[in-house]
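The block underneath contains the structure these notes are about, expressed in structure tokens.
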Amino acid sequence: MEKIINLHIEKLPEGCYLATTEDIQGLVVQGETITETLEIARDVAQKLLESQADATLSSVAESFDYPLVVGQ
């Protein structure tokens, strides 16, 4: 079953990206690109959820908002 995790992503002065969340305790990841950061966050989230059996997250709804970032 798919679950939603709200990530906060920020670009660090060093040029890499940091992702954190309040939804899963201990999820803090860093990547060179946003895509890499999201991939690492997904892997870490799955492992943390397996180890934290009591974690409760929202299920994916039939519709939801997704911020799509487009460069010019």
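Within segment 1-26, can you find the residues that are outside any strand (DSSP E or B) and at pLDDT 95 or above?
Taking segment 1-26 first, the residues outside any strand (DSSP E or B) are 1-2, 5-7, 12-16, 21-26.
Within segment 1-26, Leu12, Pro13, Glu14, Gly15, Cys16 qualify.
Listed by first and then second residue, the pairs linking a residue in segment 1-24 that is farther than 12 Å from Ala45 by Cα and small (Gly, Ala, Ser) to a residue that is modelled with pLDDT of 90 or more and part of a loop (DSSP other than H, G, I, E, B), with Cβ atoms under 9 Å apart and 6 or more places separating them unless they lie on different chains, are Gly15/Glu32. For segment 11-33, a residue qualifies if it is over 9 Å from the mean Cα position of the chain (by Cα), over 17 Å from Ser51 (Cα atoms) and surrounded by 10 or more Cβ atoms within 10 Å (Cβ to Cβ), and the qualifying residues are Lys11, Cys16, Tyr17, Leu18, Gln30, Gly31, Glu32, Thr33.
The values are calculated or read from the model by the stated rules, or taken from the named source; none is laboratory data. Quick caveat, the model's predicted, so the values are computed rather than measured. Counting neighbours? That spans all protein chains shown, and the Cβs are built from the backbone with ideal geometry, glycine included.
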